[in-house]
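Visitor: Below is the structure I would like to discuss, written out as structure tokens.
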Amino acid sequence: MNPEIVFQTRGLTKVYDMGEVQVHALRGIDLELYAGELVVLLGASGSGKSTLVNILGGLDTATDGEVFYRGRELTRADDRELTEYRRHHVGFVFQFYNLIPSLTARENVAIVTEIARNPMTPEEALELVGLGDRKDSFPAQLSGGQQQRVAIARAIAKQPSVLLCDEPTGALDSKTGVIVLEALERVNRELKTTTVIITHNAVQADMAERIIYLSDGLVTRIRRNAEKKAARDLSW
Amino acid sequence: MVNMMKALDRKMLRDLWGMRGQAVAIVFVILSGVATYVSMTSVMDALQRSLDMYYTDYRFADGFATVRRAPDQLIGRIREVPGVGLAETRVVSGVNLEVPGFDEPVSGSIVSIPEGRQPTLNRLFIREGRLVQPGREGEVVLNEPFAEAHDLHPGDRIVAILNGRYRDLRVVGVALSPEFIMQLEPGSVFPDPQRYGVMWMGRTALEAAYDMDGAFNDLVFTLAPGADEDDVIDRLDMLLRPYGGHGAYGRSDQPSHFFITEEFRQLERTSSILPVIFLAVAAFLLNIVITRLISLQREQIAVLKAFGYTNTDIGIHYAKLVMVIAVAGAAAGAVLGLWMGRGLGRIYLQYYRFPYLEYTLNPGVVFTATALTIGASLAGVLQAVRRAVMLPPAEAMRPAPPASYRATIVERLGLQRYFDQPTRMIMRELERRPVKALLTVLGISSSCAILIMGLFFGDSFDYVIHVQYGLAQRESLTVTFTEPTSTAAICELRGLPGVLYAEPFRTVPVKLRHGHRSYQTGIEGIPDDPYLRSLIDIDLEPVEIPPEGLVLTDRLAGILDVRPGEDVVVEVQEGSRYTRSVPVAGLTSQFIGIAAYMDMQAANRLTGIGMAFSGAFLMIDKNREREITRTLSERPRVAGIVSQERAIEAFRETTAQTMLTYTFILSLFAGVIAFGVVYNSARISLSERDRELASLRVLGFTRGEVAYILLGELAVLVLLSIPLGFVLGSGASAALVRALQTDLYQLPFVLGRSTLGLAGLIVLASAVASALIVKWRLNRLDLVGVLKTRE
């Protein structure tokens, strides 16, 4: 079987101009990601993982190189096209949740479902991450893990074809982290969403189909897991 | 449950609730701007409309003429003059009155009206009682200000000296007339309804009293549509000359109309300039505040973008947020403005005595104010959102890289050892974001500036009083004689116990004419070396009085359209009533009053009576004022005693009071604006830097030290703003005074230290109050929460 390619990058480069210094975050990445797979991007802090995912998600633009999403060249898209792309195809989960503090859990999800083409209801999405009973809580009333699961519900409610998660457990303890990973695993399994999880935690790599190692802005290695572990069996 | 409201709208409402303190402060800023604009503009509009309606409804004449005596039959020929519409003849005369219970002399004008009906032109609005009835002699209708000043009502009696004979007059009505809206005694610029009044009497009775049977001495007329006023006046002058015509004149030269037009013009200027400045300042402040407020939401904007919201969606979202505030402020401001406008209208109504005030909502005014407010708010949103969406969302969500601070000038100069770390943080913050600091300073200083603009009028009025009554007029009592009196009377006054000095004065009642323009006033005879009443101009320079010729105030010269070197015709209104041609020797500029001056001896020569005095200025022992007043009032030849203080009071009560009510409102709003701006600046600074400040707390800084870093910056900005506000305020006030110059008043630009002090104090007080609120919030800063939820 030849799996469908969702993302393809060629010579992807990103240089940050930080005023007095230039930071080379990506130094020419060539990569392919396939439909429905769960990929873990593994690398130390500063290896370029977030930059890569942000560019894939249309949150950032590349300095050089090309990115294709299902054959569409993202690197040539303008702001309007990128917005359109994010609105209908991509779900994001951030390390610091980035929930809107003035909205309840349900409303934080609704803010996405209201502009999506074929969303599930906010209630369904929250049910899927095991928060059916906390729908009306505000972010400040939820624990970190719960907040992150609201963020996941928000990301998947539009039924995106890709889910990009930047250190989703980075701010959580191990036990809570596992619950969040379980939610991601379930989404990947049940909705067949291509899922990319960034982490610097090697243990989490065990739940992926493929592990992509990044170091200093380059892909150093790609490994395929012979057998993926269930998220609940992980611990760190 | 069906949730009708969009999540984004909920966010908007909750954000609004979360920032309610700031929102309310902004609402107040807008409210102040809009209310000022709406009230001042609408009241002006209402006044002008009421005046126009009053004139139309009560058929105010377009033209006026006086003759010595003309037969009634002439009216037929007058009506045939091309361009004359309606015409009506009258008998009008000056009159001396005695009002029971009022010791001072009262003069007035008595105007005839047909018995039993309204006149054709210049109709009366009856407030109380009725018009005069045919066959009943001695009935009069009083002009309301005069009746009110003496508490006279239908049924009361007054005594008039008509043509030298005492007549007992019965008041049957109290009325208003478009002809005497400003009831001004010839020669004065402020109405003094206690000492001068207008009244109406039946034509037959007045004809009899003045031996004018079958004749008239006054004509009022309207112009036919399309008629040329000058042409009609020329033709009438030709017709009336054989009957001692003094020259007809149009409405624009009619004293009441002239004064009211001048006053309206001044009001119009004030009410078009000040509120616009107010609104502009409010809009500017709004723009700054909103730009900063939305900049705080940079990360949330990035999140929304990450989820696929377009820039337009986001722009609309914040526009809605701001619109709620702007519309609330504008609506409340419009309502308050209309309410205040009505109140202000009532004050003016009392002053001008229109029968009604045509106060209606002018949608254009409200629309302009609202549009400007919303425009300024939206511009702020646009700027802020544009800045926020310019960054790719990934970058906007990332904690901003450490801002590049650098050593400040102070440190580069090697002075850092004089400052501790927190102080250096304040200095670096200021130097790093000079634009932000500058905008804050501009905002606070403009609120200080509008405070000054509202407050300085008081200083200017005080200065006028100081110059007019302190420097120029140093007497404490003015005594007027019933008729011109010899030097002996002055000596007698000097001999009274308690009188320190008596300086005689001479006022010759005259009518000045130049071409077809005329003005009734008194020529003031100035002694050679006056001590109590020196004549000074606006530059505080003494006015030189030549031995011959008149010195006119520039405004009187303007009214008569005469230049130095030209002659004016002086019709003396006493003694043998000579008419002479006198050259205008010079002009002088004075703050208030239209006056004509002449050397005292020359003035006396004009009358042909010889050396005589109308009265004297007295300098007295203040402790004996009561005694002196009593002695003087018993003297038969003393017609009146006016105390200096009362004159000042009268001045304050009229123009000054109207003006000061107005400026009080302005100052109040300026104070609100100042508070709104300072509070928002402080509050936003807190939001911008809460992480940094919380980190410092975590590191062991005390609350006081952390507050010092935040509030120290505010303090520096406020302290910089105040002097700048003084400069801006002085400049704007000076410009305002220039714009307010009219023929009638010439308000000097004077800015007292206490006004500056008060303006500065209000800004400081706003700053302290804001600082306290912010300090309170700072104390409640959730240290861990702030550090955890972001980055």
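The values are calculated or read from the model by the stated rules, or taken from the named source; none is laboratory data. Nothing here was measured: the structure is a model prediction, and the numbers come from that model. Neighbour counts run over all protein chains shown; Cβ positions are idealised from the backbone, glycine included.
Visitor: Need pairs with beta-carbon distance below 8 Å; first residue assigned by TED's automatic domain parsing to the domain that holds B:P225 and within the range B:85-102, second among the aromatic types (F, W, Y) and surrounded by fewer than 22 Cβ atoms within 10 Å (Cβ to Cβ); sequence gap 6+ or separate chains.
Guide: B:V91/B:Y210; B:S93/B:Y210
Visitor: Among the candidates A:L214, A:L172, A:L181, single out the residue that is among the hydrophobic types (A, V, I, L, M, F, W, C), part of a loop (DSSP other than H, G, I, E, B) and surrounded by 15 or more Cβ atoms within 10 Å (Cβ to Cβ). Can you show your working first?
Guide: Working: A:L214 fails: part of a loop (DSSP other than H, G, I, E, B); A:L181 fails: part of a loop (DSSP other than H, G, I, E, B).
After applying the criteria, what remains is A:L172.
Visitor: Where residues in the range A:54-65 are in contact with a Leu (Cβ under 6 Å, 6 or more places away or on another chain) and facing chain B (nearest Cβ under 9 Å), which of them is surrounded by the fewest Cβ atoms within 10 Å (Cβ to Cβ)? Before the answer, list the steps.
Guide: Filtering the range A:54-65 for residues in contact with a Leu (Cβ under 6 Å, 6 or more places away or on another chain) gives A:57-58, A:62, A:65.
Narrowing the set further to residues that are facing chain B (nearest Cβ under 9 Å) leaves A:57-58.
Numbers: A:G57: 27, A:G58: 29.
Of everything passing the filter in the range A:54-65, A:G57 is surrounded by the fewest Cβ atoms within 10 Å (Cβ to Cβ).
Matching residues to (1) under 25 Å from B:T579 (Cα atoms); (2) among the aliphatic types (A, V, I, L, M); (3) part of a loop (DSSP other than H, G, I, E, B):
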site	(1), (2), (3)
B:P193	no, no, yes
B:A227	no, yes, yes
B:R235	yes, no, no
B:T270	no, no, no
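Visitor: Is one or more of the residues making up the range B:551-564 part of a strand (DSSP E or B), modelled with pLDDT under 85 and either buried (at least 20 other Cβ atoms within 10 Å of the Cβ) or not charged (D, E, K, R) (or both)? Working first, answer last.
Guide: Kept after step one, since they are part of a strand (DSSP E or B), are these residues of the range B:551-564: B:551-553.
Remaining after also requiring modelled with pLDDT under 85: none.
No.
Visitor: Tally up the residues in the range B:9-55 that are within 14 Å of B:V366 (Cβ to Cβ) and of a type outside the set (G, A, S), please.
Guide: 10
Visitor: Got a sec? Which of B:G116, B:G135, B:G101 is within 37 Å of the chain's Cα centre (by Cα), surrounded by fewer than 16 Cβ atoms within 10 Å (Cβ to Cβ), of a type outside the set (V, I, T) and at positive phi? Quick ask: steps written out before the conclusion?
Guide: Values: B:G116 fails: within 37 Å of the chain's Cα centre (by Cα); B:G135 fails: within 37 Å of the chain's Cα centre (by Cα).
On inspection, the qualifying residue turns out to be B:G101.
Visitor: Taking the stated definitions as given, is B:L382 assigned to a helix (DSSP H, G or I), touching a Gly at 6+ places or on another chain (Cβ under 8 Å), at pLDDT 80 or above and assigned by TED's automatic domain parsing to the domain that holds B:L338? First the steps, then the outcome.
Guide: Values: assigned to a helix (DSSP H, G or I): yes; touching a Gly at 6+ places or on another chain (Cβ under 8 Å): yes; at pLDDT 80 or above: yes; assigned by TED's automatic domain parsing to the domain that holds B:L338: yes.
Judged against the criteria, B:L382 is a match.
Visitor: Considering each residue of the range A:73-127, count those that are in a strand (DSSP E or B) and either surrounded by fewer than 21 Cβ atoms within 10 Å (Cβ to Cβ) or at the interface with another protein chain (Cβ under 9 Å from one of its Cβ atoms) (or both), and give that number.
Guide: Quick first cut of the range A:73-127, residues in a strand (DSSP E or B) only: A:73, A:90-93.
Next, only the ones that are either surrounded by fewer than 21 Cβ atoms within 10 Å (Cβ to Cβ) or at the interface with another protein chain (Cβ under 9 Å from one of its Cβ atoms) (or both) stay: A:73, A:90-92.
Matching residues across the range A:73-127 total 4.
Visitor: On the given criteria, is B:A682 closer than 20 Å to B:A769 by Cα, under 39 Å from the mean Cα position of the chain (by Cα), at pLDDT 75 or above and outside the structural domain of B:V34 (by TED's automatic domain parsing)?
Guide: Working: closer than 20 Å to B:A769 by Cα: yes; under 39 Å from the mean Cα position of the chain (by Cα): yes; at pLDDT 75 or above: yes; outside the structural domain of B:V34 (by TED's automatic domain parsing): yes.
So B:A682 fits the description; yes.
Visitor: Just to be sure, is B:F481 in a strand (DSSP E or B) and not small (G, A, S)?
Guide: Values: in a strand (DSSP E or B): yes; not small (G, A, S): yes.
Answer is yes for this residue.
Visitor: When you scan the range B:401-408, do you find a residue that is at pLDDT 70 or above and away from every other protein chain (no Cβ under 14 Å), even just one?
Guide: Keep residues of the range B:401-408 that are at pLDDT 70 or above, which gives none.
No, the range B:401-408 has no match at all.
Visitor: Please find, among B:Q300, B:Q350, the residue that is of a type in the set (S, T, N, Q), within 14 Å of chain A (Cβ to nearest Cβ) and part of a helix (DSSP H, G or I). Let's see the steps before the verdict.
Guide: On the way: B:Q350 fails: within 14 Å of chain A (Cβ to nearest Cβ).
Answer to the check: B:Q300.
Visitor: What tally of residues in the range B:5-22 results from selecting those that are part of a helix (DSSP H, G or I), within 7 Å of chain A (Cβ to nearest Cβ) and free of Cβ contacts under 8 Å to residues at least 60 places away in the same chain? Before you say what the answer is, go through the steps one by one.
Guide: Looking only at the range B:5-22, we keep the residues that are part of a helix (DSSP H, G or I), and these are B:7-18, B:20-22.
Those still in the list that are within 7 Å of chain A (Cβ to nearest Cβ) too: B:7-8, B:10-11, B:14-15, B:18.
Checking which are free of Cβ contacts under 8 Å to residues at least 60 places away in the same chain leaves us with B:7, B:10, B:14, B:18.
Within the range B:5-22, residues that are part of a helix (DSSP H, G or I), within 7 Å of chain A (Cβ to nearest Cβ) and free of Cβ contacts under 8 Å to residues at least 60 places away in the same chain number 4.
Visitor: Does the range B:486-493 contain any residue that is among the polar types (S, T, N, Q) and under 30 Å from B:A715 (Cα atoms)? First the steps, then the outcome.
Guide: Narrowing the range B:486-493 to residues among the polar types (S, T, N, Q): B:486-487.
Subsequent filtering for residues that are under 30 Å from B:A715 (Cα atoms) retains none.
For the range B:486-493, residues among the polar types (S, T, N, Q) and under 30 Å from B:A715 (Cα atoms): absent.
Visitor: May I pose another question? Could you figure out which of (1) within 15 Å of A:V39 (Cα to Cα); (2) touching a helix residue (DSSP H, G or I) at 6+ places or on another chain (Cβ under 7 Å); (3) outside any strand (DSSP E or B) isn't true of A:R149?
Guide: (1)
Visitor: Here's something else I'd like to know. With respect to B:G155, is the statement that it is within 25 Å of B:D211 (Cα to Cα) and small (G, A, S) true? Show your work before the answer.
Guide: Details: within 25 Å of B:D211 (Cα to Cα): no; small (G, A, S): yes.
No.
Visitor: Given the options B:D237, B:D230, name the one that is more than 14 Å from chain A (Cβ to nearest Cβ), surrounded by fewer than 19 Cβ atoms within 10 Å (Cβ to Cβ) and either hydroxyl-bearing (S, T, Y) or without any contact (Cβ under 8 Å) to a residue 24 or more places away in the chain (or both). Lay out the reasoning, then the answer.
Guide: On the way: B:D237 fails: either hydroxyl-bearing (S, T, Y) or without any contact (Cβ under 8 Å) to a residue 24 or more places away in the chain (or both).
The unique qualifying residue is B:D230.
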